[in-house]
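What follows is a set of notes on a single structure, which appears directly below.
The values are calculated or read from the model by the stated rules, or taken from the named source; none is laboratory data. Keep in mind that what you see is a predicted model, and the values were worked out from it rather than measured. Here the Cβ positions follow ideal geometry from the backbone for every residue, glycine too, while neighbour counts run over all protein chains shown.
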Amino acid sequence: MEFAEAMSTKFGTAVSSGTASIHTALGALRLDAGSEIICAPITDPGAIMPVLWNNCIPIFADSYEDNYNMDPATIPALIGEQTKAIVCGHIAGHPCDMDEILNIAEDHNLCVIEDCAQAHYAQYKGKTVGSIGDMGCFSMMSGKHTTSGGQGGMVITDDEELYWNAKRFADRGKPFNTDEPSNLFLGINYRVTEIAAAIGRVQLEKMPGIAKARQDFVAAFEVALANEDVVCCEPSPVADGGISVYWFGTLLFHADKCSKTMAEYGAAVGAEGVPVGGDYAGALVPTKQWINDMQTYGQTKEPWTSPHWKGDIDKLDYANSVPAGEKCVAQLMRYGVHECQGEQDAVDMAKAIAKVDSAYRR
């Protein structure tokens, strides 16, 4: 429960990975096959595949054009009679617009699962992400803010029934907190190891400091970048009331101000020793071949072909369902953020970007 307490919730279930945390949260809801889950458009496939493993249908909200997170304004049109939940991802460490998402969920009696894999200790209007919806899910793989070693995950909630269902699901449906003699329902073995738990407990103590160090670095970098008068790219926005913890940073690229493509610009910055990545198109899940070809259970195209789903498979056009998401990944560059970076690193990065910017600006 230490992790749950640190995230300002009552209950926590440790699991074996971030993907396992999403699967466990969905399993805790005990959804009927064919239920529809509104999902983040830009995310790791590990946040979408658990929907399909639960024989539910992912329906993708769109993102903003300048922010990887789902745009709540695109959600209402997606809600139908089989819609049961929203899984929102706080991508890059930026909190989603939770007020709008929760208002929509309340109006339609939907559960909200927060995917906090990239947002350990991020804040939204004074609340820690993961504590705002019905459940919060975390990845604790080696690259995240808080790690339990190679892999790990956590599901947190204030709802005691969801907590027990999550604990049961993650241990093969065992009858925890009941008088039943045997398993209660279908589950899977997602138990965390004792070694991972021990590592996680130690690392948990470091989380506030890690988050603060990342925030301080990005703040220094943004000041330094502004001082360099860079015109081809600028920091992308964070939702009003949100405080990011920057799993990575993002720069909004202005193609109209640059004589090179974003890829060429980014490559030139990288050649200066600055850890700038390309676009995040690999995370725009609705455009990926595997989901458009419905490569799930052999060649059956389940769960889309299930009689339990009342939707029309011929009208489900994932590849063209997220136009803002496509524009977003085409104009946001990523840069590396780490808690060991300091103010001088921020200044040096800004100077390197300014050098490339001055060479390529129109």
For region 220-243, check the following and say yes or no: at least one residue is among the aliphatic types (A, V, I, L, M), crowded, with 21+ Cβ neighbours inside 10 Å and assigned to a helix (DSSP H, G or I).
yes
Pairing a residue in region 37-55 that is not assigned by TED's automatic domain parsing to the domain that holds I79 with any residue that is surrounded by 22 or more Cβ atoms within 10 Å (Cβ to Cβ) and acidic (D, E), where Cβ atoms lie under 9 Å and the two sit 6 or more apart in sequence or on different chains, gives none
Filtering region 200-216 down to residues that are surrounded by fewer than 17 Cβ atoms within 10 Å (Cβ to Cβ) and either part of a helix (DSSP H, G or I) or over 23 Å from the mean Cα position of the chain (by Cα) (or both) yields R201, V202, P208, G209, K212, D216
Selection from region 6-15 of residues buried (at least 22 other Cβ atoms within 10 Å of the Cβ) and either within 15 Å of G150 (Cβ to Cβ) or among the small types (G, A, S) (or both) yields G12, A14, V15
Of the conditions (1) within 26 Å of K315 (Cβ to Cβ); (2) part of a loop (DSSP other than H, G, I, E, B), the single one that A119 does not satisfy is (1)
A268 assigned to a helix (DSSP H, G or I), of a type in the set (G, A, S), touching a Ser or Thr at 6+ places or on another chain (Cβ under 9 Å) and crowded, with 19+ Cβ neighbours inside 10 Å: no
Turns out the helices (runs of 4 or more DSSP H) fully within region 1-71 with at least 1 residues that are modelled with pLDDT under 95 are 2-6
Determine if region 277-289 includes at least one residue that is within 20 Å of the chain's Cα centre (by Cα) and without any contact (Cβ under 8 Å) to a residue 40 or more places away in the chain. yes
Pairing a residue in region 150-161 that is in the same structural domain as F138 (by TED's automatic domain parsing) and under 14 Å from G27 (Cα atoms) with any residue that is modelled with pLDDT under 95 and assigned to a loop (DSSP other than H, G, I, E, B), where Cβ atoms lie under 6 Å and the two sit 6 or more apart in sequence or on different chains, gives I156/M7
Inside region 339-354, the number of residues satisfying the requirement of being out of contact with any Phe, Trp or Tyr (no Cβ under 8 Å at 6 or more places or on another chain) and not in a helix (DSSP H, G or I) is 1
Checked region 36-78 for anything among the aliphatic types (A, V, I, L, M) and surrounded by fewer than 18 Cβ atoms within 10 Å (Cβ to Cβ); matches are A73, A77, L78
Note on region 196-254: residues in contact with a Cys (Cβ under 7 Å, 6 or more places away or on another chain) and either outside the structural domain of G342 (by TED's automatic domain parsing) or closer than 18 Å to V276 by Cα (or both) are C232, L251, L252, F253, H254
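Among the residues of region 179-188, count how many are more than 21 Å from N54 (Cβ to Cβ) and touching a Lys or Arg at 6+ places or on another chain (Cβ under 9 Å).
1
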So, first residue farther than 16 Å from G270 by Cα in region 334-347, second residue at pLDDT 95 or above, Cβ within less than 6 Å, six or more apart or across chains; the pairs are E339/I210; E339/A213; E339/R214; Q341/F217; E343/A220
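Results for (1) part of a strand (DSSP E or B); (2) basic (K, R); (3) touching a residue at least 40 places away in the same chain (Cβ under 8 Å), shown as yes or no for each residue.
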{"position": "E106", "(1), (2), (3)": "no, no, no"}
{"position": "V112", "(1), (2), (3)": "yes, no, no"}
{"position": "F138", "(1), (2), (3)": "yes, no, yes"}
{"position": "K144", "(1), (2), (3)": "no, yes, yes"}
{"position": "T147", "(1), (2), (3)": "no, no, yes"}
